[in-house]
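Each reported figure results from applying straightforward, stated rules to the coordinates on display, with no laboratory input. Note that this is a predicted model, so its numbers are computed, not measured. Every residue, glycine as well, gets a Cβ built from its backbone with ideal geometry; the counts of neighbours run over all protein chains shown.
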Amino acid sequence: MPSYLKSSKAIQFGVLFIAFFLLNALIGPSESNYLWRLPPLLKDIPFLINDLVRGLMFEWMPIDVYDPSIDEYEQKPLFREITRAISSSFSFVINAVREFILGGSKTIVAFSSWDFIKENPWAVWPALPWTVVVGWAMVLGYKLQGRNLAFLTGVAGLYIAAFGQWSPSMQTLSFILIAAPVSVFLGLALGVFAYKSKAVEAFLNPLLNVAQTMPHYSYLVPIIVLFGVGDHAAALVTILFATPSMVRLVLLGLKNVPTDVVDAGRMSGCNDFQMLFRVLIPTAKRDVLIGVNQVVMQCLSMTVIAAFIGAQGLGSNLLIALNSLRIGTGLEIGICIVLIAVVFDKMSLAWANKQTDYFADLSFTKRYRHFLIMAAILVGGIVMAMIGSIIFEEDFNYFYIVPHNKGLTTAPFWQAGVDWVWDTFFYTLKSFNEWLITGVLVPMRDAYLAMPVVATFLLVMGTAYILAGLRSALIVGGFLLFIAFSEYWDRALITMYMATFAVVVSGIIGITLGAACAQNTFASKAVLLFCDFLQTFPSFIYLIPVIMLFGITDTSVLIASLAFASVPATRFTVEGLRSVPPVLQDAGSMCGVSRLQRLISIEIPIAFPHIMLGVNQTVNFALMMVIIGAFIGTIDLGQLILKAISEPQGTGIGITLGVCVAFIGLAVDQIIRTWANKRKLALGLN
Amino acid sequence: MASQGDEAEQRQAVIKCESVYKIFGNNAQSLLQNAQGKIDAKDALAAGCIVGVNNVSFEVSEGELLVIMGLSGSGKSTLLRCISRLTDATGGKIFVDGQDLLTMNSKQLMEVRRDKMGMVFQNFGLLPHKTVLENIAFPLQVKGINTKDSIERAMNMAELVGLSGRENYFPRELSGGQQQRVGIARSLAVEPDIWFLDEPFSALDPLIRKEMQDEFLRLQSVLNKTILFVTHDFDEALRLADRIAIMKEGVIEQLDTPANIVLDPATEYVRKFTQEVPREKVLKIEDVMDPYDSTEEMSDIKVSKNAIIEVVAEQILSQDKAVGVVDDNDNIVGSLHSSHVINVLFGNRSQEQQG
């Protein structure tokens, strides 16, 4: 290669683009031309996966299992017995928690039989009055942090009860209370293993990469096949989805423990166990807790998706409401999810920051004050429920359990608002919508679909080579090759076009907004806080307001993606710009730069790698949202994944499609991350 | 001088190193097997290895404070980490109280660390999630002592290092000096016989450093531990040490008392350190006094043999006759003439500058 080509990136890109457009012009659509589309050599992969799963489930390792109902040993495949055992134990625990709050008899059945229940009508676990549950939660909040958290918890509880969302909320809660601890435990265990052994880390790393970029949907089908449908399957999907980020953060935290602290632990004579639980994990507490926090957030964001495979609770109600376009109800349910998320978030953080007081010499009542109060609340709640049964004799007993959808509702108000928006702005919205679709989206999609496969490879791998080097180019090429050999190249192009559009627009929004806010300390803090708040929203929530405005169209999906994906771009821009070393600012000032010059010639170049990491996350968020968007009717990979849920061949197709989407995300991640690290090294940052 | 050395030999060696090597790199073992005595740096480099500690042997006797001094990369911290077995030495033998440290399994090592060793780290190594008290009590709790007793003991330690009233602070709420006081208290909590300090005051401001050195000397006068103290600060070494080992590129260049090092540097490298040292602040009267000659006419005043020259110089210089030097029991053990003092303080220096 001539030396001038190496020296200037602009020239390299110029050559790349010329080659790209030449290829585009030269190669026309043709079924037989492999330069246009590669043959689907890998189209059998879904079937191979299916066969593998079927083999595992029905044929592999038959063992003798005693069946008490026919009093004989039967041959059953080992793997299936294992998955069945996992399913039933999860179902049991989830039900036990659920019935502890909401009442029921399934747990009692588990220890006896349905006949026993029929013969003994008293054998039903009574529901706790909602007042008691909320009261207990408030005491917990008070004990963990103080009055503010107790108040917040109380408001959340009251909202949930008053709006008639009590039972679905508790159903959701019951599977989160199982899924979150299991994810945290698994994440901790795997993280520690990866820390102890380089081999385990090398093994886990690619798995985590794929797992974190796979769209939520693609987990669903294999779980259905292996574990069936229901709350336990939903809990398992949630665990599968929430664990990877926990593993990552635990590993990161453990690696960041200062060597002095590790040495101090060893010189104090810690054995391995003490080292792990009293030195390493507590010192890495911050990262571990961010992990716990992430797990809780992931669990809540899965509530809606888990509803596809039979999780009861808020998620399935939200799904039904959105499906029947009852936006007001959807909004109320969405707020429930957000409230639960916020309360969980604050409680887990407060729990982390608690400290023990060694000097308090407390009396019995003081020491057990909280338990005493909780007991009092239990008695008080029951008494209130009894009084309630007298007051509301004809009606529902609102002091006991507020029945689903029988509480207050503001739905008509929101519905009227939506109607008003539609009546007033119908033509505006419609014309905007039409312009966007016919003027921007369709031409863009056609352009993407008109790319010959070689041109796409050239563009992507060339960009990777110029920015990140040969190794990245080859890795990215590998990712693309998998997609190109699968049957889903065209669908993937559609996904890519939607994601590209979302990324470009939200990148512009986020970077502009971030750069503007970073100029002022107060604005920076405010916008970061707002980003925090937005990120507690499960992704599905973003769909509610856009459906209100734009109905069920591609536009809705794109706008939701924009809102969702702008958050990381904004956040990273603000962080990047604010972390430019003050000495550089001062040096700039003394050279006499103006405010704008400083931003353009000092701050942005220094912060650029960090901003690009934000864009990287924006890509992932946009992809995730575009795929979720399939639920309201886009025609891309997401829609196929959604369809796969109800197909007999679904497992293989679902996984393959999921891997395709993951590879798109990983390809972008590979380029941007490698480039940003190189750049940061060159700038002497880190 | 000689008497001090004899004394040290009579006492038992608490720490004993025999030809300790630490070599980093894949070919470390083969390099070591071919080596006779000191390994040549060029050979090591050719084998793709870096020699951290090169054939180091010395003994530390009970109650002695040995300072290992060297610039960064001299292998001083590596040596300390070998002796505390935070890293495993590549070759040689290390004995602690006569027990071979390098052949111990991890359980024995754990016991030794729990009962005999305490260590202070440059960046404190405090557990961020524990309060001052909990940090100090940590080694006790690790040993299995119950919360009440360990916290009680930690309270005493906190008082000893002057942290009373801050027991419930978290490390992040303390200044650097205070954090290192916690580190010191923690390392002493199990009442170890052997105390390792790895550049304990290097991360502190100069004024605080001075204060902590005083505090350290005070503690040592009470506790009388066997101490290995690592520093890159020659002045600190002179202030604190009974003996100093000066290291360069993994090798001990000279191991001697501060006075001998200042008066008689063994190598050119050591001489560079001693050049700028204000001798009057380092040397004691006994280091420079002449033998007592009963025929000589003496001045009226007497000075203690343990006095630092700077403190008594004015007194001596004001006398025409030689001044008597007395030991702790007021017996005259030597004499010192003012001209000798001037010669010691300024004589050599001009020669050095000319040369």
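Structural remarks
- In this structure, the amide hydrogen of B:Lys321, modeled 1.01 Å from its nitrogen in the peptide plane, lies closer than 5 angstrom to no residue at least 5 positions away or on a different chain.
- Against chain A, whose longest principal axis is taken from its Cα atoms, helix A:650-683 shows a tilt of about 60°.
- Shielding by partners for peptide A:269-275, expressed as the average number of C-beta atoms from other protein chains within 10 Å of each residue's C-beta, is 5.
- 3J(HN,Hα) along the stretch A:481-493, derived from phi through the Karplus expression 6.51 cos²θ - 1.76 cosθ + 1.60 where θ = phi - 60°, amounts to 4, 4, 5, 5, 7, 7, 7, 9, 4, 5, 4, 4, 4 Hz, with x in place of Gly and Pro.
- A prolate overall shape is assigned to the stretch B:281-354, the ratio a/c of its alpha-carbon gyration tensor axes (a ≥ b ≥ c) being 1.5 or greater and a/b exceeding b/c.
- Across chain B, Cα pairs under 8 Å and at least six residues apart give a relative contact order of 17 percent.
- Between the stretch B:75-143 and the stretch A:447-461, the alpha-carbon center distance in angstrom: 60
- Taking Lys and Arg as +1 and Asp and Glu as -1, the other residues whose beta-carbon sits under 14 Å from that of A:Asn205 total +2.
- Rounded to 0.05, the FRET efficiency of the B:Ile332 and B:Lys210 pair, given R0 = 45 Å and the Cβ-Cβ distance, is 0.85.
- A:Val229-A:Thr107 FRET efficiency (beta carbon distance; Förster radius 25 Å; 0.05 resolution): 0.75
- Peptide B:101-109, shielding by other chains (average Cβ, 10 Å cutoff): 1
- Paramagnetic label zone (point 7 Å from Cα along Cα-to-C-beta, A:Met444; backbone N under 18 Å) in the stretch A:564-607: A:564-570
- Amide H contacts for B:Asn54 (H built 1.01 Å from N in the peptide plane; partners 5 or more residues away or on another chain; cut-off under 5 Å): B:Lys22, B:Val251.
- Residues whose placed amide H lies under 5 Å from that of A:Ser486, excluding near-sequence neighbours: A:Leu42
- Phi-derived couplings, Karplus 6.51 cos²θ - 1.76 cosθ + 1.60 at θ = phi - 60°, listed residue by residue for the stretch B:213-227: 5, 4, 4, 5, 5, 4, 4, 5, 5, 7, 8, 6, 8, 8, 10 Hz, with x used for Gly and Pro.
- With R₀ fixed at 25 Å, the C-beta to C-beta distance from A:Met57 to A:Ser89 puts the FRET efficiency at about 0.85.
- Between helix A:314-323 and chain A: long-axis angle, C-alpha atoms, 0 to 90°, nearest 10: 60
- Cα gyration tensor category, rounded, prolate or oblate, for the protein assembly as shown with a/c compared to 1.5: prolate
- Integer Hz, Karplus 6.51/-1.76/1.60 couplings in order for the stretch A:34-48, x for Gly and Pro: 6, 6, 7, 9, 6, x, x, 5, 9, 5, 7, 3, x, 6, 4
- In terms of the mean number of neighbouring beta-carbon atoms within 10 Å, the peptides B:153-160, B:94-101, A:579-586, A:650-657 order highest first as A:650-657, B:153-160, B:94-101, A:579-586.
- Here the label points at A:Lys430 and A:Leu481, each 7 Å from Cα along the C-beta direction, are separated by 5.2 nm in the simple model.
- Only helices enter the 222 nm calculation for the protein assembly as shown: every DSSP H run of n ≥ 4 contributes -39,500 (n - 2.57), and dividing by all residues gives -20000 deg cm²/dmol, rounded to 500.
- Between helix A:231-255 and chain A: long-axis angle, C-alpha atoms, 0 to 90°, nearest 10: 60
- The Cα atoms of the stretch A:416-572 give a gyration tensor whose axes a ≥ b ≥ c have a/c of 1.5 or more with a/b no greater than b/c, which makes the shape oblate.
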